[in-house]
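Visitor: Quick one: the structure is below, and I'll ask about it shortly.
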Amino acid sequence: MMIGVIGGGASGCLAAIRILEELNNEISALYLFDPNEIGAGVAYSDNDPNLILNVSTEKMGIDDFIRNYHPELLKDIHYPYVPRHYFKLYLQQRLNTAKTEKLHIVKDKVKKLSRVQGQWQIECEGKTHLVVDSVILATGYTQLGYQSIGLHAFDYENFKKIPKKSKVLIIGSGLSGIDAWRVLNRDQSIDFLSRRGSFPLCHENNPTRALKKNPDWVGQSPCQILRSLRAFNSCGVSWPQLADRVRVQATKIWGYWSHSERKQFIRHLKPYWNRIRHRVPGTVMAEVEMSIHRGMTRTLRGQLISIHQKGTKKLLTYRPYSVFRSDGSDPQPIEAEYDEVIDATGLKVEESLGSTDFNDFHVRPSQLGLGFENFGAPRFWSIGPASSAKYWEITAMPEICKQIEELIQDLKLNLEKGMKGSSLEVHPLAIGETYQQHLLRTFKMAGFFLNLSWISILHGVFPYLFTDRVSHDLRTFSLKIKRILMRH
C-alpha cells in the first residue's frame, strides 16, 4: 500500500509518525506533502520565545521531551507553558526517530487530487505527479482576513519593524490577538477591538468547586445545554471547569445535533464557547492586565465598520456597543487613527486544495465551513481541523491523537482485506465495516421499515391502534443512525 499524507503540520506529521511506527512493514511507501517546514503548520512555525503554548506540556504530551532535552525551561516563569516552537522540535525529533526508507517528504504544494482507475493521483505545483492507494487529508487551518489594509496576526517578523511609540490596533481579542500583543514592543500604545471586548479566560489551577458527577448533555439541544451550564455556574462551578466537562462529550453532542442546531450554535454560541474553551496561562493574562493598568493597552467593544488608508495613517471607523442612547437609536460611529492595524480575527479550516473538485469522488466541503465530509470516497480520510464537520472539537492534541489511532485501525482493516478487493467491499470499507456487517445492517433496516409500513397501514384503517408507535420508532431509528455516523 502507498499512502499520501497531504499537509505536514501537527496532524499530518503525527499521522505519518504513527503509520511508520505501526505499519512500516505493511506499506510500500509513505509520501508526506508540504512545501513548508515539517511539523510547523500555522501554529508552530515561528520561533519567537514570546509565543508560548496555551496548553501545558503534560497535556501536549511533551513533558518528558522538555525535561530530557530542554531542562532550562523548567525554571521559566511561564512553565508548564513553554514557547510553542518546542512542540515543532518534538514532532521533528519523533519523525526522525520513526523515519525509514519508506518515508518520502515532498516539499511541494498539492494543486490537484483526483481518482484514476481506483487509485488517487496527486499533482503538485512543481510538476510532481504521484499515484497512491490511500489519501489522508491534514490541511489544517488557514488565516481569516478582514481586508488587505494592515498586517495579519501571524506575520510576526513584520511586527518587529513597527516603530516604537506607535499606536497599534489589534482587531480581535482572542488567542491570536494576545499572541500578537506579546510579540509587539511594549512601548507601543495598543488597542484591542472586538464585538464583546473581552479576553479568553485563564487556566485554573485550583477550581473553587468541583463537579462530583459528569452531567450527560448528549441528545440535548444547544439551548438546553446552555441553560444547564448557566445553572451549574450559578451554583459556583466555574466556566473553565464546565468547558472541560463538555469537551469530554463534545463529539457525541455534535453528532446528535441536527444541521439547524449546529448552525445555531456556530452563529450564536461559538464565540462564547471559544472564550471558555481556548484559555490562556495566568501569567500571560497578568501581563495584559498590568499593561491595561499602566494605560498602554485598551479594549474597545464595538462593531468594525471600515478601515481606510489616510496618508501614512490608517483610519478606523467602528460603532461602539457600550454606548446606550435614550431614544433607542444606534450609537454614532467613532473614528480613530492608528499607525498600524493587525488582523487577529483568527483562523478558519482550510476547505480547498488547488483546483481539486471534491464532488468528483463523493467528498465535499462542509456547508458550515468546518472542513470536509466524506460521502463514500474509498480510502480517503481527513484528520485534525479538516475533519471538524464530523468531530467539531478536534483541535487539541489529545483528540487528534485519538483520531489518528482510529485511522491506524482503519488502515489495518484495509490491509487485511487487500487493496484490490471485490467492488462489493469498496463502500463498506470506506465506512469502517466488512461486507458481512454492512449486509446485516441493511437487512435489519429493511425489516424495520417493512414492519413500520404495516403498522402505519393498520393505524390508518384503525386510528385507535398504534397511536404513537410510528413516530416513536422513527425517533429511535434517527438516534441509531446518528450513533452510526458518529462511530464511522
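Visitor: Hey, if we sort Ser114, Ser471 by accessible area with the 1.4 Å probe, largest down, what's the order?
Guide: Ser471, Ser114
Visitor: So how tilted is helix 10-23 from the main axis of the chain? Cα-based, degrees 0 to 90, rounded to 10.
Guide: Orientation of helix 10-23: about 40 degrees from the principal axis.
Visitor: Could I ask something else about it? Largest first, what is the accessible-area ranking of Cys13, Cys223 with a 1.4 Å probe?
Guide: My answer, sorted largest first, is Cys223, Cys13.
Visitor: Once ligands and nucleic acids are excluded and a 1.4 Å probe is used, how much of Trp273 is accessible, expressed in Å² to the nearest 10?
Guide: Accessible surface of Trp273 is approximately 20 Å².
Visitor: Hey, any idea what % of the chain's accessible area is carbon plus sulfur with a 1.4 Å probe?
Guide: That fraction is 52 percent.
Visitor: Using only Cα atoms, tell me the angle between helix 435-461 and the longest principal axis of the chain; keep it within 0 to 90° and round to the nearest 10.
Guide: 80 degrees
Visitor: Still on this structure: Taking only Cα atoms, what is the 0 to 90° angle, nearest 10, from helix 85-98's long axis to the longest principal axis of the chain?
Guide: The two axes meet at around 40 degrees.
Visitor: How far, in nm, would the chain grow between His104 and Asp76 when pulled straight, counting 0.36 nm per residue and subtracting the alpha carbon separation?
Guide: Between His104 and Asp76, full extension yields an extra 6.3 nm.
Visitor: For region 56-160, which trypsin sites (Lys or Arg not before Pro) pass both filters: DSSP loop (anything but H, G, I, E, B) and at most 16 other C-beta atoms within 10 Å? Provide the component values of the computation, followed by the final result.
Guide: Numbers: sites: Lys59, Arg67, Lys75, Arg84, Lys88, Arg94, Lys99, Lys102, Lys107, Lys109, Lys111, Lys112, Arg115, Lys127, Lys160; in loops: Arg84, Lys99, Lys102, Lys107, Lys109, Lys127, Lys160.
Taking region 56-160 and a limit of 16 other Cβ atoms within 10 Å, the loop trypsin sites (Lys or Arg not before Pro) found are Lys99, Lys107, Lys109, Lys127, Lys160.
Visitor: Let me ask something additional. To make sure I understand the rule: partners must be aspartates and glutamates, Cα under 17 Å from the Cα of Lys111, and not fewer than 8 residues away in the same chain. Which ones qualify?
Guide: The qualifying aspartates and glutamates are Asp34, Glu123, Glu125, Glu350, Glu351, Asp357, Asp360.
Visitor: Just the number please: accessible area per residue for the chain, 1.4 Å probe, all protein chains included, in Å².
Guide: Details: 25040 Å² over 488 residues.
Per-residue accessible area for the chain comes out at 51 Å².
Visitor: If you don't mind, there's one more thing I want to ask. Which entries in the list Lys107/Lys252; Lys59/Lys390; Lys88/Lys263; Lys212/Lys252 go over 32 Å, if you measure between the two C-alpha atoms of each? Please report the intermediate quantities before stating the final value.
Guide: Details: Lys107/Lys252 37 Å; Lys59/Lys390 23 Å; Lys88/Lys263 34 Å; Lys212/Lys252 21 Å.
Pairs exceeding the cut-off: Lys107/Lys252; Lys88/Lys263.
Visitor: Ignoring everything but the protein chains, give the 1.4 Å probe accessible area of His268 in square angstrom, nearest 10.
Guide: Its accessible surface works out to 100 Å², give or take rounding.
Visitor: Normalised by the number of residues in region 364-414, what is the relative contact order in percent for Cα pairs under 8 Å and 6+ residues apart?
Guide: Worked out over region 364-414, it gives 27 percent.
Visitor: Using Cα pairs under 8 angstrom and six or more residues apart, how large is the relative contact order of region 84-190, in percent?
Guide: 14 percent
Visitor: Quick one: how many Å² of Arg379 are accessible to a 1.4 Å probe, rounded to 10?
Guide: Accessible area, nearest 10 Å²: 40 Å².
Visitor: Shape call for region 17-61 from the C-alpha gyration tensor, a ≥ b ≥ c root eigenvalues: rounded (a/c under 1.5), prolate (a/b greater than b/c) or oblate?
Guide: Note, shape of region 17-61 comes out oblate.
Visitor: Near Lys314, which aspartates and glutamates are there with a Cα under 16 Å away, not counting those fewer than 8 places off in the same chain?
Guide: Within the straight-line cut-off, Lys314 pairs with Asp191, Glu335, Glu337, Asp339, Glu340, Asp343.
Visitor: For region 20-166, go through all pairs of different Cα atoms, get the mean of 1/r, take its inverse, and jot down that Kirkwood value in Å. Let's see the in-between values first.
Guide: Numbers: mean 1/r = 0.0544 Å⁻¹.
So the Kirkwood estimate lands at 18.4 Å.
Visitor: Pairs of Cα atoms under 8 Å, at least six residues apart: use those to get the relative contact order of the chain, whole percent.
Guide: Relative contact order of the chain: 17 percent.
Visitor: Additional query: So how do Asp468, Asp410, Asp133 rank on accessible area, 1.4 Å probe, biggest first, that is with the largest at the start?
Guide: Asp468, Asp410, Asp133
Visitor: Run the reach check for Lys310 against lysines, Cα to Cα strictly under 27 Å, same-chain hits fewer than 8 apart removed. What comes back?
Guide: Here the lysines satisfying the reach criterion relative to Lys310 are Lys160, Lys161, Lys164, Lys165, Lys167.
Visitor: Could you give the length gained on full extension between Thr467 and Ala286, defined as 0.36 nm per residue of separation minus the Cα-Cα distance, in nm?
Guide: Gain on stretching Thr467 to Ala286: 58.9 nm.
Visitor: Can you compute 3J(HN,Hα) from phi for each residue in region 289-296, using the Karplus curve 6.51 cos²θ - 1.76 cosθ + 1.60 with θ = phi - 60°, rounded to whole Hz and x for Gly and Pro?
Guide: In residue order, the calculated couplings are 5, 5, 5, 5, 4, 6, x, 8 Hz.
Visitor: Only bridges whose two residues both fall in the chain count here: according to DSSP, what percent of them are antiparallel, nearest 5? Each step should come with its number before you reach the end.
Guide: Details: 30 of 63 bridges.
The antiparallel fraction comes to roughly 50 percent.
Visitor: Over 10 Å intervals from 0, what percent of Cα-Cα pairs in the chain sits in each interval?
Guide: 3, 16, 24, 25, 18, 9, 4, 1, 0
The values are calculated or read from the model by the stated rules, or taken from the named source; none is laboratory data. No experiment lies behind these values; they were computed from the predicted model shown. For neighbour counting, all protein chains shown are included, and Cβ atoms are generated from backbone atoms with ideal geometry for every residue, glycine included. Accessible surface is based on the protein model in full, side chains and every heavy atom, while ligands, DNA and RNA are left aside. Shrake-Rupley method; radii C 1.70, N 1.55, O 1.52, S 1.80 Å.
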